[in-house]
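The values are calculated or read from the model by the stated rules, or taken from the named source; none is laboratory data. Everything numeric in this text was worked out from a predicted model, so none of it was measured. Cβ: placed from backbone, ideal geometry, glycine included. Neighbour counts: every protein chain shown.
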Amino acid sequence: MKACYAKFNPHQFLECHTLDAINVLKSLKNSFYWLEELSPGIFELSFYAVLLHDTGKCASGFQKSGLQRERWGYRHELLSVPFVQFLDYGERERNLIALAILTHHKTLDELEEKLPIGDGNLSPEFHEKLEELFDRSEYLEQVFIPRISNMEAYYFGTKRPPKRFKLPADWKEKLRDFDFQALKEWYEENVDNERLTLTFIRGLLNASDHLASAGETSIALLPDINEKLELRIPPEKLRPLQIEASQHAGNLILRAPTGYGKTEAGLLWANKNALRNGKEIASRIFYVLPYKASINAMHKRLMGLFPDPSLVGILHSSAGFYLYTSSLEYERLGSLYRKIYTPLKVTTPFQLMKAFFGVGFHEMLKTELAGSILIFDEIHAYEPNVLGIILAMLEEVAPLKAKTMVMTATLPDFLEDLIKETLPFRELKVPANDANKFTRHRVHVIDGSIDSIEELIPELKLYQKVKKSSRPALIACNSVDRAVATYRVLKEKGFKVLLLHSRFTHGDREEKERTLLERMNDYDFVVATQVVEVSLDVSFSTILTEPAPLDALIQRFGRVNRQGWRNGKIEDVYVLTQGSEADEKIYKDYRVVEESVKILEELDGEELKESLIPELVSRAYSVISKKLTEEVQDYKKLAKDVFNNVKPLKRGEDEEKFYEMFNGVEAVPGIYAGEMLRLLNRGMGIEAHRYLVPVPMWLYWAEKESFHRLSDRGVGKHIIVAELEYSPETGLLREPLTGGDIL
């Protein structure tokens, strides 16, 4: 008798891989029990989908190709599907299981031209491959099938498990006669009514198969959060709103100043609202932040609470490189974080949106979002299109037993109203007297622009402040071009200056951030763009900033005197009245910037009381709140229309649009193109990532002629080269790359 392997190198017998996948499913059944309420019978149906999903791999051609490390060239799922007819179920249940098995690797759209339907060339090929399956019929009949009753007893854990599978004597003939056309028609007729069940059954099968293939036999659960936090903050030291958050069941908005402990409040709320498996937390918790830098920082922070790296995941487009540079098992962990395994994930909202745009294995992510805990931090930072999609997404997951918390220091009234219109939320605010204890800044509005930096430094005595505090001053610019120009002026004047913005390669950015953390006091000035608002946990002596919307300015102020609330210390912060022409492109309705400057002029020379900030931010946005509200509502409606068009088992029609909207472009500077190609050809993709620079779409289109593919074929065809000036000192500039003289 010849063996049937489901996996090769290392080899794994069909029944062994199947049992591993059943183990994963069993852990999902025990932990995600709420799915049974949402879709009764889902875990029984999913068991039989897992049980039969790889039977088609017994075909002799598949076995031979696997042993020789070659592609077989035929979909084994097509041979697995017909086995569902031997299940003691009605048509509905059999078809649900069959569709999950059929699509556990490819979507229905991708399989459309491969289904053996009608009298074309596909049916003879299907029958030819069935004969290859029958070559190993002895293994199926004598090894795999006899084990099914034991697997049923093990999974269901009852004395009388549902013995649904019975192989008839004429099973080979029945496989030949399986009607794929009828299955396809049943899907088209029933997909709308069975949307949730089809989503969960494919999601559970994919989750079980993917984790078993990765060597895991269960999902991870999170220990009780309160017990972990008590080791850091004794219960008697908790602040009033942290205690209230820990006791509130349901959706929550928390307004609190920087330094209050919103993160801890969010975790305590999550602990209260999470669904559990015994003492452990079974709900998946998603901590959502807008920027990669703040996500990386939060991941490090949560790893301090849960040191096991498999418990705290990170999801963003450069997560693999972050894990690699953090000396973590980047390949294994990066793979697990993308699966249903990890209980707490720090992520961008875009990673979650994939589920609703039909991107990738979207059913698996939707299954994970059912019963989940969503914590949105810094929700004010998103553009109206993203806010609209987030709100539409929250409406989608609410009926699936998900709970949401929104945390912010600066939430305009119009945005709060939009959130409350979407879902019922309770709001918690820090009382004014308590909030004012966190006041750290005195505001000064300075007439002029950053072009006068040479005169402003002595006028404002910035250098004296630097020397007195032994900490650099922050010069915050709105654009990369202004930051580079300011950096050059200061450097020419002999100051020690560090430049930080978004257009450095990932490797150079990492090096600059490490330098700032380790040798911050070596510098007189740090010139930075928005990246400094959201990334490093550093504290500057003071700040001189270009004008911006008030909430953005408050974020920038937050990098000055970070711990000042501990001893009541107040530091001066300086806001210029004039920006540059480019600012009107950065802030699409510039009126909010002008209004923000007016508001701060009223406070010129006074302390910026923390209790006033929510009202001041709402005032700043009042000039455009009606327009922004309409924009967010329009995008929300548009998003819901897109979501409704996404069908389970199919790719979203708007998948490409999703990537166009959110992914942007990453390019390798021309000076590193050769090194990039060398690394890619050696299979060192993670090292190659070090040389990529995020490029905003406006720059890509403005300088389109300066961008090209790294190569026409092979690994380089997916990499874009930017033939623009680049140096580790100043980053990628909007200047064509200049070569040496031609001799």
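In region 410-431, the residues that are over 11 Å from ILE253 (Cβ atoms) reach residues that are of a type in the set (Asp, Glu) with C-beta atoms within less than 9 angstrom, at least six apart or across chains, in these pairs: THR410/GLU378; THR410/ASP551; PRO412/ASP551; ASP413/GLU615; THR422/GLU395; VAL430/GLU610. Taking the numbered list (1) of a type in the set (Ser, Thr, Tyr); (2) assigned to a helix (DSSP H, G or I); (3) within 29 Å of GLU331 (Cα to Cα) in turn, SER711 passes all entries but (2).
Restricting region 255-307 to residues that are part of a helix (DSSP H, G or I) and either touching a Cys at 6+ places or on another chain (Cβ under 7 Å) or small (Gly, Ala, Ser) (or both) leaves a set whose member that is nearest to GLU510 (Cα to Cα) is ALA293. Checked against (1) in a helix (DSSP H, G or I); (2) free of Cβ contacts under 8 Å to residues at least 24 places away in the same chain; (3) of a type outside the set (Gly, Ala, Ser), TYR635 meets all criteria but (2). Filter region 309-331 down to residues that are surrounded by fewer than 21 Cβ atoms within 10 Å (Cβ to Cβ), closer than 16 Å to MET684 by Cα and not hydroxyl-bearing (Ser, Thr, Tyr) and give me whichever is modelled with the lowest pLDDT. Per the stated criteria, the residue is GLU329. One residue stands out in region 143-170 among those that are among the hydrophobic types (A, V, I, L, M, F, W, C) and without any contact (Cβ under 8 Å) to a residue 12 or more places away in the chain: the one that is farthest from LYS26 (Cα to Cα), namely ALA169.
Tell me which residues, restricted to region 648-694, are modelled with pLDDT of 90 or more, closer than 24 Å to PHE357 by Cα and either in contact with a strand residue (DSSP E or B) (Cβ under 6 Å, 6 or more places away or on another chain) or among the basic types (Lys, Arg) (or both). Selection gives LYS650, ARG651, GLU666, PRO694.
Exactly one residue out of THR347, THR367 is of a type in the set (S, T, N, Q), in contact with a Leu (Cβ under 7 Å, 6 or more places away or on another chain), within 28 Å of LEU205 (Cβ to Cβ) and surrounded by 23 or more Cβ atoms within 10 Å (Cβ to Cβ), and it is THR367.
Selection of region 356-405 for residues being of a type in the set (Ser, Thr, Tyr) and outside any loop (DSSP other than H, G, I, E, B) yields THR367, THR404. A single entry from LYS163, LYS174 fulfils the requirement of being assigned by TED's automatic domain parsing to the domain that holds ILE97, surrounded by 12 or more Cβ atoms within 10 Å (Cβ to Cβ) and farther than 27 Å from LEU108 by Cβ: LYS163. Based on what the data block shows, is GLU132 touching a helix residue (DSSP H, G or I) at 6+ places or on another chain (Cβ under 8 Å) and of a type in the set (Asp, Glu)? The answer is yes for GLU132. Scanning region 425-441 for residues that are buried (at least 19 other Cβ atoms within 10 Å of the Cβ) and either on the phi > 0 side of the Ramachandran plot or in contact with a Gly (Cβ under 7 Å, 6 or more places away or on another chain) (or both) returns PHE438, ARG440. For region 454-479, a residue qualifies if it is among the aliphatic types (A, V, I, L, M) and in contact with a strand residue (DSSP E or B) (Cβ under 7 Å, 6 or more places away or on another chain), and the qualifying residues are LEU456, LEU460, LEU462, VAL466, ALA473, LEU474, ILE475, ALA476. For PHE495, the conditions (1) closer than 18 Å to ILE586 by Cβ; (2) of a type in the set (A, V, I, L, M, F, W, C); (3) part of a loop (DSSP other than H, G, I, E, B) all hold with the exception of (1). Within region 177-207, the residues that satisfy the criterion of being outside any helix (DSSP H, G or I) and either aliphatic (A, V, I, L, M) or surrounded by 12 or more Cβ atoms within 10 Å (Cβ to Cβ) (or both) are PHE178, ASP179, VAL191, GLU194. Note on region 421-444: among residues that are basic (Lys, Arg) and in contact with a strand residue (DSSP E or B) (Cβ under 8 Å, 6 or more places away or on another chain), the one that is farthest from LEU600 (Cα to Cα) is ARG426.
For region 526-588, the helices (runs of 4 or more DSSP H) that sit wholly inside it and include 1 or more residues that are under 18 Å from VAL445 (Cβ atoms) are 550-557, 583-586.
Every residue in region 59-88 that is surrounded by fewer than 16 Cβ atoms within 10 Å (Cβ to Cβ), touching a strand residue (DSSP E or B) at 6+ places or on another chain (Cβ under 9 Å) and more than 20 Å from LYS172 (Cβ to Cβ), please. Across region 59-88, the qualifying residue is only LEU67. Just so you know, in region 208-223 the residues that are crowded, with 18+ Cβ neighbours inside 10 Å and not aliphatic (A, V, I, L, M) include one that is farthest from LYS114 (Cα to Cα), and it is GLU216. Here ARG147 fulfils each of the conditions (1) outside any helix (DSSP H, G or I); (2) among the basic types (Lys, Arg); (3) more than 37 Å from the chain's Cα centre (by Cα) apart from (1). Number of residues in region 308-325 that are within 15 Å of the chain's Cα centre (by Cα), assigned to a helix (DSSP H, G or I) and more than 30 Å from LEU35 (Cα to Cα) equals 4.
Look at ASN277 and say whether it is more than 25 Å from LEU428 (Cα to Cα), buried (at least 22 other Cβ atoms within 10 Å of the Cβ) and assigned by TED's automatic domain parsing to the domain that holds LEU241. For ASN277, the condition - more than 25 Å from LEU428 (Cα to Cα), buried (at least 22 other Cβ atoms within 10 Å of the Cβ) and assigned by TED's automatic domain parsing to the domain that holds LEU241 - is not met.
Of the helices (runs of 4 or more DSSP H) contained entirely in region 61-119, those carrying at least 2 residues that are among the small types (Gly, Ala, Ser) and at negative phi fall at 91-102. Taken together, the criteria place ARG338 among residues that are at pLDDT below 95, under 30 Å from LYS26 (Cβ atoms) and either among the polar types (S, T, N, Q) or crowded, with 18+ Cβ neighbours inside 10 Å (or both).
In region 1-58, of all residues being under 16 Å from ILE201 (Cβ atoms) and among the small types (Gly, Ala, Ser), the one that is surrounded by the most Cβ atoms within 10 Å (Cβ to Cβ) corresponds to SER46.
Mind checking whether some residue in region 520-539 is under 19 Å from ASP583 (Cα atoms), more than 27 Å from the chain's Cα centre (by Cα) and at pLDDT 90 or above? Yes, that holds for at least one residue.
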